Amino acid sequence: MVLPAIQVRDLRKRFRKRRRLRKATASAEWALGGVSFDVAPGETYGLLGPNGSGKSTLIRILSTLLIADGGEVRVLGHRLPDEQTRVRRLIGRVSVDAAFYKKLSARENLLYTALLYGLKPSVAEPRAMDVLERLGMEERTFTVPLEEMSRGMQQKISIARALMINPPVLLLDEPTTGLDPKSRRDVQTFLEDLRRREGTTIVLTTHDMAEAERLCACIGFLAHGRLVAEGTSELLKRAAEAATLDDAFIKLTGERVTDGETPAAAAKES
């Protein structure tokens with residue numbers, strides 16, 4: 001039996017927020033309230049939800065940047081946070097707000113990342129150039145400082161950086177948000193090709209329903225820190241009796257979630 005590449009069981013995370021009243025008080029708010037799902041090896045799994053639904057928190061836990069308050073997470077059989085050092089060498093992460101040394105060029109940023117992972121420049125440089133070319137970047141831009149590049153070009157470099165170690169698991173937190181149509185298409189085509197060629201397991205958070213339908217074998221709807229529905233795009237639309245994934249999302253993450261009720265999840269297609 002093939003084990004899931006990623007296993008999430010009853011994952012919970014809360015943050016304390018201070019409220020300014022006459023006395024300083026703190027209240028706990030649940031960002032994740034018991035989320036469970038599996039991602040098969042080589043599958044692209046999409047997490048869709050509005051801002052504040054818990055998508056980024058979940059990605060940060062999977063990428064070892066946050067520690068959960070409860071539940072269990074395993075990545076390629078390694079349990080978090082106990083084996084986080086091993087997991088870090090198996091994952092690549094791309095965030096919508098990626099940080100760089102912006103006075104350095106794309107080439108310099110990527111070679112610096114390679115050095116941190118112990119890669120030799122003779123191996124890292126051709127790998128970085130190959131990824132950037134397949135993402136649609138022209139060779140002449142490799143030596144341009146990042147501060148002179150567009151948002152789309154910077155995001156492509158962020159993806160290339162995550163792939164410097166050719167990770168078996170790729171965690172993408174809204175990687176195409178704010179990109180122009182061509183850059184968005186370049187990234188989507190690249191991710192499809194990457195999964196086909198390398199068998200990379202991908203977890204993708206997005207607001208873009210069309211992107212989720214194109215890339216994801218399975219989609220989970222997150223609302224208020226809970227996974228309220230899960231399945232293929234077609235299964236979700238049938239469960240909601242909706243013509244589009246947008247309509248299915250609105251119906252399956254509606255008033256009942258806001259009121260604190262837990263709607264039944266759509267069955268995941270076997």
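Table for the structure above
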| item | result |
| --- | --- |
| Criterion: touching a residue at least 12 places away in the same chain (Cβ under 8 Å) and not assigned by TED's automatic domain parsing to the domain that holds Gly34 - qualifying residue of Leu116, Leu80, Leu104 | Leu104 |
| Selection count, region 98-148, where residues are among the aliphatic types (A, V, I, L, M), surrounded by 12 or more Cβ atoms within 10 Å (Cβ to Cβ) and in a loop (DSSP other than H, G, I, E, B) | 6 |
| Glu213 being in contact with a Leu (Cβ under 7 Å, 6 or more places away or on another chain), at pLDDT 95 or above and charged (D, E, K, R) | yes |
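The values are calculated or read from the model by the stated rules, or taken from the named source; none is laboratory data. This structure is a prediction, so every number in the text was calculated from the model and none was measured. Glycine gets a Cβ as well: all are built from the backbone with ideal geometry, and neighbour counts include every protein chain shown.
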